[in-house]
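Okay, so here's the structure we're looking at.
The values are calculated or read from the model by the stated rules, or taken from the named source; none is laboratory data. Quick caveat, the model's predicted, so the values are computed rather than measured. We place every Cβ from the backbone using ideal geometry, glycine too, and count neighbours over all the protein chains shown. Just the protein is used for accessible areas: all its heavy atoms, side chains included, with ligands, DNA and RNA removed. Shrake-Rupley method; radii C 1.70, N 1.55, O 1.52, S 1.80 Å.
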Amino acid sequence: MNARIDVTPDGTREREARLREEIAAWMDAHLSGRFACLRYRGGPGDEDAFPALRKEWERELAAGGWTGLGWPVEAGGRGWSVADQVVFHEEYARAGGPGRMGHIGEGLLGPTLVACGNADQRARFLPGILAGTQFWCQGYSEPGAGSDLANVRTRAGRQPDGAWRIDGQKVWTSLAHDSEWIFVLARSDAQSRGNKGLSFFLVALDQPGVEIRPIRQMNGGAEFNEVFFDGARAEAVDLVGEPGDGWRIAMTLLGFERGISTLGQQMQFIRELDWVIEAAKEAGVDGDPSIRARIAQAWAGLRVMRHNALRMLGAQGANAAQDKSALIYKYYWSNWHRDLGQLAMDVLGEQANFVDSATSLMDGITKRSRLQGVFLFSRADTLYAGTNEIQLNIMAERGLGMPKEPRGQA
Ligand SMILES: Cc1cc2nc3c(=O)[nH]c(=O)nc-3n(C[C@H](O)[C@H](O)[C@H](O)COP(=O)(O)OP(=O)(O)OC[C@H]3O[C@@H](n4cnc5c(N)ncnc54)[C@H](O)[C@@H]3O)c2cc1C
């Protein structure tokens, strides 16, 4: 059994086959030589692998025209449909394409600037994101503001020259140490509470007044950080929208984060299920009825996710707003992935308890380590971009019309 999925809607089979061939041929030709060691590396849980080389890979992808696939053409993108993007990500995963260093810029900030930024901001930032020369991180969460994001305390004060002074602390900031810029949700009206009085700033990280401290995780990696602002400066032109507009812009970005930006990551799950299947065969548990059933369920779940992506992410305008079933999107894939991590451990059995000591980044990484990585990191999937409990609240309130839970004073 192989987890590969080839579903082609009628009438597009030939075009899709050509597209697949083109992507596969490009990946084969380019993910070689000095980039060969990047195969199957990077991505969630393995973000520390080869960061400098993966940034070069971003430029290679950009030169090949493979960035901004879903961005509008007028923003420098290729205006691809969700269906074509799914095909790209499937072929990218199949070829062992590495985790994308540029995904926060390309997947989150870029589309948000297209939707909410001004022409000057689009002109200054979108080309660098598309070219793989400028890397971004996300400054939302704080020690007292995670699920309750409206509780952010980082302050932004207007300076006499129109710029903004930023003071405060962000936490869990993925890839801050590998980024040049951070987008920051900060309180620009000191008297405000809740989601009022917040603003959305683009802040250069390389300046006095910004300190980045890594957070070491239990899997040994340090993909995220604390970021401290002590009199950091955001230029007047780097305020997105108007002062006080921050919550609307932050939610626009969160919509991308919970939706289309995860497409590439989900398509990588196909190869993770392949590893689980291989491990089951190697461990001789592929005949175990319970393991077989869970593998089959996982495969069915992958097909559901693909269908969800095409149906929910492809919906436009009014359709998208009315389709409340889209509220399940993040909840479904993240829980599916968490179950896959558990299945991987059960397939490995007692082998799951051993850590491969000889593995070095240059030598590659064993299947056991990869599956342990899937298990450990998939615990985080049901947290970031909105925890399970928050997603269920959203479904109950927005999807099913249940009373809103009490919130802090706005
Ligand atoms: C791998 C990873 C990467 C991340 N990267 C970034 C990043 O780059 N930038 C960034 O800004 N943030 C990032 N985060 C932070 C992430 O957004 C927060 O972890 C998330 O919003 C939850 O906030 P919290 O950790 O403060 O938990 P809390 O909000 O303190 O929640 C603790 C528990 O309480 C539950 N809970 C909270 N409120 C409610 C409620 N109203 N009803 C029911 N249950 C509730 C939660 O579900 C959770 O189980 C990342 C997190 C992870 C795991």
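Close amide H pairs (under 5 Å, H built 1.01 Å from N) link residue 43 with 99, 100, residues at least 5 positions away or on another chain. The Cα trace of the range 136-244 gives Rg and Dmax of 13.4, 46 Å, the first to one decimal, the second as a whole number.
Does the range 119-189 come out rounded, prolate or oblate, given a ≥ b ≥ c as the square roots of the eigenvalues of its C-alpha gyration tensor, rounded meaning a/c under 1.5 and, failing that, prolate meaning a/b above b/c? Oblate, since a/c reaches 1.5 and b/c is not below a/b.
Whole-Hz Karplus values for the range 99-110 come out as x, 8, 5, x, 5, 6, x, 6, x, 10, 6, x Hz, taken residue by residue from phi with 6.51 cos²θ - 1.76 cosθ + 1.60 and θ = phi - 60°; glycine and proline positions read x.
Averaged over its residues, the chain has an accessible area of 46 Å² per residue, based on protein heavy atoms and a 1.4 Å probe. Taking the three principal axes of the alpha carbon atoms in the range 188-298, the coordinate ranges are 63, 29, 24 Å, sorted in descending order. The amide H of residue 141, built 1.01 Å from its N in the peptide plane, has 171 as neighbours under 5 Å, considering only residues 5 or more places off or on other chains. Using a/c under 1.5 as the rounded threshold, could you call the range 13-101 rounded, prolate or oblate? The axes a ≥ b ≥ c are square roots of the C-alpha gyration tensor eigenvalues, and prolate needs a/b larger than b/c, oblate otherwise. It is prolate, given that a/c is not under 1.5 and a/b is the larger ratio. 3J(HN,Hα) along the range 347-355: 5, 6, x, 5, 4, 5, 7, 9, 9 Hz, from the Karplus curve 6.51 cos²θ - 1.76 cosθ + 1.60 with θ = phi - 60°, whole Hz, x for Gly and Pro.
Per atom type, the chain shows carbon and sulfur on 53% of its accessible surface, probed at 1.4 Å. Using the Cβ-Cβ distance between residue 18 and residue 355 with R0 set to 41 Å, the FRET efficiency from 1/(1 + (r/R0)^6) comes to roughly 0.40. Principal axis extents of the Cα atoms in the range 258-399, from largest to smallest and rounded to whole angstrom, are 53, 34, 25. For the pair residue 25 and residue 251, the difference between a 0.36 nm per residue extended length and the Cα-Cα distance amounts to 77.5 nm.
Ordered by solvent-accessible area of protein heavy atoms (1.4 Å probe), largest first, the residues 247, 57 come out as 247, 57.
Take the Cα of residue 153, step 7 Å toward its Cβ, do the same at residue 206, and the gap between the two points is 3.2 nm. The residues neighbouring residue 119, those whose beta-carbon lies less than 15 Å from its own, together hold a net charge of -1 under the Lys/Arg +1, Asp/Glu -1 convention.
Evaluating 6.51 cos²θ - 1.76 cosθ + 1.60 at θ = phi - 60° for every residue in the range 278-285, the Karplus couplings come out as 4, 5, 5, 5, 4, 7, x, 9 Hz, glycine and proline recorded as x. The length gained by stretching the chain between residue 39 and residue 81 to full extension, at 0.36 nm per residue less their Cα-Cα distance, is 12.5 nm. Estimated at 0.36 nm per residue, the fully extended path between residue 339 and residue 180 surpasses their Cα-Cα distance by 53.7 nm.
Applying Stokes-Einstein at 20 °C and 1.002 mPa s to the Kirkwood radius of the range 232-276, computed over alpha-carbon pairs, gives a translational diffusion coefficient of 160 µm² s⁻¹.
Under the simplified labelling scheme, the residue 163-residue 133 pair shows an inter-label distance of 2.3 nm, with each label point 7 Å from Cα along Cα→Cβ. The value obtained for the chain, namely the Cα convex hull volume divided by the number of residues, is 153 Å³ per residue.
Note on the chain: helix-only mean residue ellipticity at 222 nm, from DSSP H runs of 4+ residues weighted -39500 (n - 2.57) and normalised by residue number, equals -13000 deg cm²/dmol. Once the C-beta distance of residue 53 and residue 189 is scaled by a Förster radius of 35 Å, the resulting FRET efficiency is 0.20 to the nearest 0.05. Taking amide H positions as modeled 1.01 Å from N, with prolines and chain starts lacking one, the residues under 5 Å from residue 224 and 5 or more places away or on another chain are 175, 215. Using a simple spin-label model with pseudo-atoms 7 Å out from Cα toward Cβ, residue 395 and residue 282 lie 3.5 nm apart.
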